[in-house]
Number of protein chains: 2
Amino acid sequence: MLTQRVHVDRVFHALGDPTRRAMVEKLSEGPLPASKLAKPLAITLAAVVQHLQILEESGLVRTEKIGRVRTCRIEAKGLSVAERWISERRSEWEKRFDRLGKLLENPE
Amino acid sequence: MLTQRVHVDRVFHALGDPTRRAMVEKLSEGPLPASKLAKPLAITLAAVVQHLQILEESGLVRTEKIGRVRTCRIEAKGLSVAERWISERRSEWEKRFDRLGKLLENPE
């Protein structure tokens, strides 16, 4: 439970930054070398590397270094954590509406 | 398109903070007066009010003041924006896998 909470914290912290979200958007279209992420986002390679570390720790991105090239690709785990958190909120909230509906049907 | 982007930015910025996520979690269970949010989260009412403003601006929470009580409730709009952003990433990514699969089936 605690691990799950830490994971949720990491994923939403990672997605809270617009540059990191732009990196996730870019990588959803296909894997890229880290160097190719810097230019379209108008940030330095050093900044890309820092953001990548946060994205990797949260399970949103996976990177692999072959020779001198670090290839980055999207990872399913992180997005699933965020999806699950949102759908849990929605289901709690819908359950409450169901209870309210039943109460209105049978006020006794 | 730009408005959509601004909305995505606001929602993920709002959800990036663990206290605000805890407020959304609490409110998914049912509406509450702002004062009742402060105690379980061990923060001041002033901090609650600041967080509520960010949550309201992003469409995650709606508040209504009747007399001296400000009642807070979850709003569907904000969560839907986050859900849509995630599912767009997933669908782009799955489309790519489909293309790869077809390429492997028919390499000519």
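The values are calculated or read from the model by the stated rules, or taken from the named source; none is laboratory data. All of these numbers come straight from a predicted model, not from anything done at the bench. A quick note on method: Cβ atoms are made from the backbone with ideal geometry, for glycine too, and the neighbour counts reach across all protein chains shown.
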*asked:* I'm trying to understand the selection: among the residues of the stretch A:48-92, which are free of Cβ contacts under 8 Å to residues at least 40 places away in the same chain, in contact with a Gly (Cβ under 8 Å, 6 or more places away or on another chain) and surrounded by 17 or more Cβ atoms within 10 Å (Cβ to Cβ)?
replied: A:VAL61, A:GLU75
*asked:* Suppose we keep only residues that are of a type in the set (A, V, I, L, M) and within 12 Å of chain A (Cβ to nearest Cβ) within the stretch B:67-85. Which one would you say is nearest to the chain's Cα centre (by Cα)?
replied: B:LEU79
*Is it the case that the stretch A:53-60 has a residue that's under 17 Å from B:TRP93 (Cα atoms) and in contact with a Cys (Cβ under 9 Å, 6 or more places away or on another chain)?*
yes
*Name every residue in the stretch B:66-81 that is under 16 Å from A:TRP85 (Cα atoms) and in contact with a helix residue (DSSP H, G or I) (Cβ under 7 Å, 6 or more places away or on another chain), in order of residue number.*
B:ILE74, B:GLY78, B:LEU79, B:VAL81
*Considering each residue of the stretch B:2-21, count those that are at pLDDT 90 or above, assigned to a helix (DSSP H, G or I) and of a type outside the set (Phe, Trp, Tyr), and give that number.*
12
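Okay, residues lined up against (1) closer than 18 Å to B:GLY16 by Cα; (2) modelled with pLDDT under 95; (3) more than 13 Å from chain B (Cβ to nearest Cβ):
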{"site": "A:ALA38", "(1), (2), (3)": "no, yes, yes"}
{"site": "A:LEU45", "(1), (2), (3)": "no, yes, yes"}
{"site": "A:ILE54", "(1), (2), (3)": "yes, no, no"}
{"site": "A:GLY59", "(1), (2), (3)": "yes, no, yes"}
{"site": "A:LYS65", "(1), (2), (3)": "no, yes, yes"}
{"site": "A:GLU108", "(1), (2), (3)": "no, yes, yes"}
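Per-residue answers, yes or no, for (1) of a type in the set (A, V, I, L, M, F, W, C); (2) farther than 23 Å from A:SER80 by Cβ:
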{"residue": "B:ALA22", "(1), (2)": "yes, no"}
{"residue": "B:SER28", "(1), (2)": "no, no"}
{"residue": "B:ALA46", "(1), (2)": "yes, yes"}
{"residue": "B:GLU56", "(1), (2)": "no, yes"}
{"residue": "B:GLY59", "(1), (2)": "no, yes"}
{"residue": "B:GLU83", "(1), (2)": "no, no"}
{"residue": "B:ARG99", "(1), (2)": "no, no"}
{"residue": "B:LEU104", "(1), (2)": "yes, yes"}
*Check the stretch A:86-103 and report whether any residue there is more than 14 Å from chain B (Cβ to nearest Cβ) and over 20 Å from B:GLU92 (Cβ atoms).*
yes
*Give me the pairs, please: first residue somewhere in the stretch B:21-34 and under 17 Å from B:VAL49 (Cβ atoms), second residue anywhere and among the polar types (S, T, N, Q) and crowded, with 16+ Cβ neighbours inside 10 Å, beta-carbon distance under 9 Å, and either six or more positions apart or on two chains.*
B:ALA34/B:THR63
